[in-house]
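Reviewing the structure listed below.
The values are calculated or read from the model by the stated rules, or taken from the named source; none is laboratory data. Everything quoted here is computed from the prediction, not taken from an experiment. Here the Cβ positions follow ideal geometry from the backbone for every residue, glycine too, while neighbour counts run over all protein chains shown. Accessible surface areas use protein heavy atoms only, side chains included; no ligands, DNA or RNA. Shrake-Rupley method; radii C 1.70, N 1.55, O 1.52, S 1.80 Å.
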Amino acid sequence: MIVGYRSTIITLSHPKLGNGKTISSNAIFQRSCRVRCSHSTTSSMNVFEDARDRIRESFGKLELSPSSYDTAWVAMVPSRHSLNEPCFPQCLDWIIENQREDGSWGLNPTHPLLLKDSLSSTLACLLALTKWRVGDEQIKRGLGFIETYGWAVDNKDQISPLGFEVILSSMIKSAEKLDLNLPLNLHLVNLVKCKRDSTIKRNVEYMGEGVGELCDWKEMIKLHQRQNGSLFDSPATTAAALIYHQHDQKCYQYLNSILKQHKNWVPTMYPTKIHSLLCLVDTLQNFGVHRHFKSEIKKALDEIYRLWQQKNEEIFSNVTHCAMAFRLLRMSYYDVSSDELEEFVDEEHFFATSGKYTSHVEILELHKASQLAIDHEKDDILDKINNWTRTFMEQKLLNNGFIHRMSKEEVELALRKFYTTSDLAENRRYIKSYEENNFKILKAAYRSPDINNKDLLAFSIHDYELCQAQHREELQQLKRWFEDYRLDQLGLGERYIHASYLFGVTIIPEPELSDARLMNAKYAMLLTIVDDHFESFASKDECLNIIELVERWDDYASVGYKSEKVKIFFSTFYKSIEELATIAEIKQGRSVKNHLINLWLEMMKLMLMEQVEWCSGKTIPSIEEYLYVTSITFCAKLIPLTTQYFLGIKISKDLLESDEICGLWNCSGRVMRILNDLQDSKKEQKEGSINSVTLLMKSMSEEEAIMKTKEILEMNRRELLKMVLVQKKGSQLPQLCKDIFWRTSKWAHFTYSQTDGYRIAEEMKNHIDEVFYKPLNH
């Protein structure tokens, strides 16, 4: 049973849900907004809407923060007319005007763990000022900062920019040539030089400014110059090419194009449009607020998809951009091929070509993308990437100090398959861990002001709290329904209200789809009761009696009841289905009651067959027959098909009986059934019960049976994801209708991701508490 989960139903110590007047479920979201607004005043709602407008506007003006480090390198470029004059004096002005109070340069505002970044940026700025003999006072203060914080050069707790030892060592050498006396500990200087020497033996083009005169700049430009004139989209490396190689028109044009936009400073990478769009879309999805920006996100992804098809350099020359674009486009139903990631299938090749300046973000994004395999043969590329990135993250990123502790949580989360996580829990976690001054780091630390800001945080918190208010109000309504229909008389405790509603809100999180969400929750409780009766509470005659009552729905009174228990059950069941059928008829503009009844009837008959034929040992099904039948009795067909009627979309009976729908519920049902079987296989072996593992064990060992079962699970999971994401030619099924099946299987993955009942119960208890009750308290 999809939400019966005997081990997951727990009693919560929340204030008792009170009684109250029943309201239209379609009005709940609007009312929750008004309730929330009355608590926080009208001005709070205005702030919410203003923040939303500013976020929408940010799609058109995304940029990165100024990079002191890169601006300093650009400032060091000599004029084409005189080696004794700066080519970009405006950058020198920016350096002089943007020294921090402590004498340093770097990301502003900075972070306690960015001392290495500040040292690198400060030294670059000092070299620029010293080279052009300006800013004596700034130089003095900058040297004071280096003297005070030079100890951080070799501190393992500090976050290192990419190529830190190579670049810092080279800049120390440049300082010596300029007679700039750096107040650094000699031991630290020698240590950095040793690390540089060991690193520089490898190919380090991206940090070419750290190689300086030793680099073959002519060959570098020949091999690595991009269409926009840059080297690796890096202003610093491009500037270094002009400093050491002196003349290259395309390099000059690239730097001039940046300064044309930013006047007197440069970011640490340019262009930034694709990077910023990908990060903004990803952030909005992670916060669960993307539904507010559908048109803006579609426009952004349409543009990225257009560039993807053109094999745009800004996407394909950057590992992170390529992996993120693939993931976001595929999960947003665009047709993208994993062939574009083929060059990353081999770990050794990956590090040979890009590993010298690889950040953990590249590997993390590759791993996220690799989880989207939808076809065993075509997506062999993704499987290979998944294997080596997972091993690398487990062995290197988490255990060998490759990354700082701030990034380890990201890696740990990425190692959890995305389809085993709860979106609601992940949204909450992202909001709570969000910092408006959050940063990323390449050769210099940077942030995206249009992504890391107060507006997005305030908006996300307010939206989350509005949804929580709606959830609590819907729980009140569900409790009233529970009491009105006296489900407690059928052995169902109030604790099932929360678990059933959590199922509903996970499958249908859209605030405006309250009726569909409540229908899911009600069906979940009714299914638990039906399952109890057919599995243990009722005799065979009583089960046959129930089936006959359902078969003769409009004339059930003539059937009679075998027992008082059947009478109480059917009375409640009849009223519930009639109520929901009436709502469905209003939404569809036609009666769908017969279809709803037939879905229940089919499931009940198969439940009885399981008990009478299979559990008694009279018949042993084949694995295919078992999976087909148990997918239906696990309600993989009943709930998703019934849900279609409540989504606000007119859907025909023919469409609900189409091969496409059949394939969707069949795959999702197999996934859910097998997940349950794998968790309970040991227990059911002892009990002599039938499941997919025990059936396969008739022709193979237990280990082989478990492995084969997992293969069937993975095959069906991928096929389901393919049916949901890939737009089938001629399909008339709306996307939301398909999504329901994926969300249902994802819920099962989340539920069965723990291996023992106690941990499942604790996980669910915490999950319910966080989603419905705990304030964010950011």
Check: Just a yes or no: is a residue in the range 167-183 open to solvent by less than 70 Å² (accessible area, probe 1.4 Å) and closer than 26 Å to E63 by Cβ?
Finding: yes
Item checked: Every residue from the range 495-527 that is open to solvent by 10 Å² or more (accessible area, probe 1.4 Å) and not in a helix (DSSP H, G or I) -> P509, E510, E512, L513
Next item on the list: Can you tell me which residue among V671, V612 is surrounded by 17 or more Cβ atoms within 10 Å (Cβ to Cβ) and in a helix (DSSP H, G or I)?
Entry: V671
Note to self: For the range 717-752, which positions are within 24 Å of L695 (Cβ to Cβ), touching a helix residue (DSSP H, G or I) at 6+ places or on another chain (Cβ under 7 Å) and open to solvent by 10 Å² or more (accessible area, probe 1.4 Å)?
What the structure shows: E719, H749, Y752
Next item on the list: Kindly check whether there is at least one residue in the range 593-615 that is more than 33 Å from the chain's Cα centre (by Cα), at pLDDT 95 or above and of a type in the set (S, T, N, Q).
Entry: yes
Next item on the list: Name the single residue, out of those in the range 417-458 being under 19 Å from the mean Cα position of the chain (by Cα) and farther than 22 Å from V289 by Cβ, that is least open to solvent (accessible area, probe 1.4 Å).
Entry: T420
Next item on the list: Could you run through the range 531-560 and say how many residues are open to solvent by 60 Å² or more (accessible area, probe 1.4 Å) and touching an Asp or Glu at 6+ places or on another chain (Cβ under 9 Å)?
Entry: 2
Check: Residues of the range 66-90 being within 22 Å of P161 (Cβ to Cβ) and open to solvent by less than 10 Å² (accessible area, probe 1.4 Å), which ones?
Finding: S67, S68, Y69, D70, T71, A72, W73, V74, A75, V77
Notebook entry, point to check: How about the range 556-581: which of its residues are free of Cβ contacts under 8 Å to residues at least 12 places away in the same chain and touching a Lys or Arg at 6+ places or on another chain (Cβ under 8 Å)?
Noted result: S558
Check: Can you find even one residue in the range 267-274 that is of a type in the set (K, R), touching an Asp or Glu at 6+ places or on another chain (Cβ under 8 Å) and closer than 20 Å to I451 by Cα?
Finding: yes
Next item on the list: Please verify whether the range 91-98 includes one or more residues that are open to solvent by 20 Å² or more (accessible area, probe 1.4 Å) and touching a Ser or Thr at 6+ places or on another chain (Cβ under 8 Å).
Entry: yes
Next item on the list: Sort out which residues of the range 615-641 are open to solvent by 40 Å² or more (accessible area, probe 1.4 Å) and more than 16 Å from R673 (Cβ to Cβ), and write them in order of number.
Entry: S616, G617, K618, T619, I620
Checklist line | Single residue of the range 99-116 satisfying the filter (in a loop (DSSP other than H, G, I, E, B) and aliphatic (A, V, I, L, M)) that is most open to solvent (accessible area, probe 1.4 Å) | finding: L113
